């Protein structure tokens with residue numbers, strides 16, 4: 001379902017979603033002036049923090 | 001909270017249920033849920049650590065809304081770690097028609113999940129995702145999709161006012 005590709009020092013995941021979800025996240029990303037990828041990353045980061053998972057923050061920010 | 005020691009005795013029609021149109025009133029508990037048709041057929045079975053959030057942004061919502069008079073019944077599960085095994089047992093027992101059509105890749109229907117976005121993550125974040133997915137017994141891609149849907153469904157990101 002998700003292709004995983006490594007390039008430029010990052011892992012790139014292709015995630016399948018419904019059309020409705022894609023539209024919602026695209027709208028949110030525009031509102032917050034983020035990329036769709038950055039918005040999805042933020043949502044996942046919040047969920048992971050809530051679960052107590054730990055990882056090293058991306059020092060490059062939302063530059064994709 | 002309902003507890004079931006013998007899933008063989010489980011009757012979805014005897015569980016608490018709400019019409020799909022009243023899904024915002026679903027409780028925020030961990031649960032295995034059953035989408036029931038007007039004729040009481042079990043159409044779909046799923047699981048969530050928060051039933052309420054799951055159904056505010058379910059990837060199958062538009063599809064299920066197109067089927068008239070559906071309702072959502074749920075079996076509250078006190079230990080969320082049991083959700084995958086209970087869901088699996090229920091699917092095997094009730095053979096819901098929509099689940100059966102889904103088992104193509106990752107247990108989801110690619111015809112419905114027909115939009116793709118590319119997500120850039122660090123190796124460290126990817127590893128955290130893999131760990132979380134493993135704990136939930138989901139594949140990473142499935143975990144990402146469900147997590148995003150639930151995050152959007154909890155309303156704090158204001159997805160419904162745009």
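Values quoted throughout were computed directly from the atomic coordinates according to the rules given, and no laboratory measurement underlies them. For clarity, every value in this text was computed on a predicted model and none was experimentally measured. Methodologically, a virtual Cβ is constructed for each residue, glycine included, from the backbone with ideal geometry; neighbour enumeration extends over all protein chains shown.
Sorted fewest first by neighbouring Cβ atoms within 10 angstrom, B:47, B:145, B:134, B:71 come out as B:134, B:71, B:145, B:47.
Exposure proxy shown here: for A:36, B:42, B:121, the number of other Cβ atoms within 10 Å sets the order, fewest to most, as A:36, B:42, B:121. Using only alpha-carbon positions in the range B:6-96, the gyration tensor eigenvalues give semi-axes of 19, 16, 11 Å once each is multiplied by 5 and square-rooted (largest first).
Remark: B:24, B:135 ranked as B:24, B:135, counting other beta-carbon atoms within 10 Å and listing the fewest first.
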